[in-house]
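*Asks:* This is the structure, below, for whatever I ask next.
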Amino acid sequence: MRDLNGIRTRIDHVDDHIIKLLQERVMLAQEAARIKNQTQAPLTDEAREEAVMQRLLAQCNEPLLKKWIPKIYTSIFALSKEVRARISKDTP
């Protein structure tokens, strides 16, 4: 039988990694927003969001996680939109 504390420690490490990746995603969303402002591109691209969602769902083999991916990524997309809105507001 596995040690519960050991598993929790591993979960903590995974959570730490997830946060680092989300922070990196926010930084990339900021860069994308700046480029979109400079090129006057639309801040939202629903076709891209749908393509990302389908790509992620296609590579997921865990049924329970697959059910949650749309919920998780809807929140991540909302975060990116908020980042873009703030960059747009702050850019003259």
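Read-outs throughout are calculated quantities, based only on the coordinates presented, and are distinct from any laboratory measurement. None of the values given here were measured: they were computed from a predicted structure. So basically every Cβ, Gly included, is an ideal-geometry build from the backbone, and we count neighbours across all protein chains shown.
*Asks:* What list of ³J(HN,Hα) values in whole Hz, one per residue of region 22-30 in order, does the Karplus curve 6.51 cos²θ - 1.76 cosθ + 1.60 (θ = phi - 60°) give from phi, with Gly and Pro shown as x?
*Replies:* 5, 4, 5, 5, 5, 4, 5, 5, 5
*Asks:* Reported to two decimal places, what Rg/Rh ratio describes the chain when computed on Cα atoms with Rh from the Kirkwood expression?
*Replies:* 1.10
*Asks:* Evaluate the relative contact order of the chain (contact order divided by residue number), counting alpha-carbon pairs under 8 angstrom at least 6 apart; express in whole percent.
*Replies:* Over the chain, the number comes to 41 percent.
*Asks:* Using only DSSP helix segments of four residues or longer, with each worth -39500 (n - 2.57), what per-residue ellipticity at 222 nm results for the chain after dividing by its residue count and rounding to 500?
*Replies:* -30000 deg cm²/dmol
*Asks:* For the chain, take the longest principal axis of its alpha carbons; what is the angle in degrees between that and the long axis of helix 63-90, to the nearest 10 within 0 to 90?
*Replies:* It works out to around 30 degrees.
*Asks:* Summing Lys, Arg as +1 and Asp, Glu as -1, what charge do residues with Cβ under 14 Å from the Cβ of GLN23 carry, GLN23 excluded?
*Replies:* Residues near GLN23 contribute -2 overall.
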